[in-house]
Amino acid sequence: MRKFLAFFALCGALSLNTISAFAQEAAVDSTQPATEQVAEVTDAAAEVATVEAAEQEVPIHQQLKTKFIEGGPGFMATIIICLILGLALTIERIIYLNLATTNTEKLLNKIEDALKTGGVEAAKEVCRNTRGPVASIFYQGLDRAHEGVDVVEKSIIAYGGVQTGQLESGLSWISLFISIAPMLGFLGTVIGMIGAFDAIQAAGDISPTVVAGGIKVALITTVGGLIVAIILQIFYNYLLGKIDSITNSMEDASISLIDILVKYNLNKK
């Protein structure tokens, strides 16, 4: 009996050891896939970080050069020419309009004082020494002061139209470049799409790589044209606002000049 109990106890101990060993092996096997997944995710994240770091290291001018070449030197060059010519005209107009801006209140005070002290000739001399369209209009009006206020008013209106035309000179060309830049971009896009379909036809298969590459190259010209148009449109609206401000100043100052001449004629009598 004692031998039987000892044998039974020995069998039970061996069974427990076997079950424990199997459980440990299963636990080890279950942790291995999780460890491998974590390692794969870490490697993928490291690769993404490496690619992003490489992209960030590329200078911006190098990226623009790459996009320029990808978009096609022909169409991209014409778009860049539109930008250069438009900006040149814009800078010239900005300088001209800033030089044409006059402190009309100060000019009117000088003219009024000159009329009181030296008459019309002294007032004309003040206008000669002052730059800008307002002074030019005043000079034309004062030059006909002896013919009466009505003639002065007509002269100011007529010469004011001439000065306004000079202020608006060159804006039509800027507007042309604003319109033509996106058109050139769209034309490049259409031609690029035709090239993409030709590549698909030559390959005999609609490959995502061929389609995506052709469309990417085609759309670069559109992006370039739109960027040029947006830049020039901002400056164009600024110029329009500047011209409106100068024109309003000319009209208000012209009315004040006529009032000053009326008072001067009354004082002479």
Which residues, taken from segment 88-122, are surrounded by 13 or more Cβ atoms within 10 Å (Cβ to Cβ) and among the β-branched types (Val, Ile, Thr)?
THR90, ILE94, THR101, THR102, THR104, ILE111, VAL120
Mind checking which residues of segment 88-113 are within 30 Å of ILE234 (Cα to Cα), part of a helix (DSSP H, G or I) and of a type outside the set (D, E, K, R)?
ALA88, LEU89, THR90, ILE91, ILE94, ILE95, TYR96, LEU97, ASN98, LEU99, ALA100, THR104
Only one of (1) modelled with pLDDT under 90; (2) in contact with a helix residue (DSSP H, G or I) (Cβ under 8 Å, 6 or more places away or on another chain); (3) at negative phi fails for GLU147. Which number is that?
(2)
All but one of (1) in contact with a Leu (Cβ under 8 Å, 6 or more places away or on another chain); (2) part of a helix (DSSP H, G or I); (3) of a type in the set (D, E, K, R) hold for LYS116, so report the exception by its number.
(1)
I'm trying to understand the selection: among the residues of segment 135-156, which are aliphatic (A, V, I, L, M) and free of Cβ contacts under 8 Å to residues at least 12 places away in the same chain?
VAL151
Got a sec? Which of ILE243, ILE255, ILE234 is under 26 Å from THR78 (Cβ atoms), aliphatic (A, V, I, L, M) and surrounded by fewer than 18 Cβ atoms within 10 Å (Cβ to Cβ)?
ILE234
Return yes or no: is LEU85 surrounded by 15 or more Cβ atoms within 10 Å (Cβ to Cβ), out of contact with any Gly (no Cβ under 9 Å at 6 or more places or on another chain), assigned to a helix (DSSP H, G or I) and modelled with pLDDT of 90 or more?
yes
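The values are calculated or read from the model by the stated rules, or taken from the named source; none is laboratory data. What you see is a predicted model; the values in this text were computed from it and never measured. No Cβ is skipped: glycine too gets one built from the backbone with ideal geometry, and neighbour counts run over all protein chains shown.
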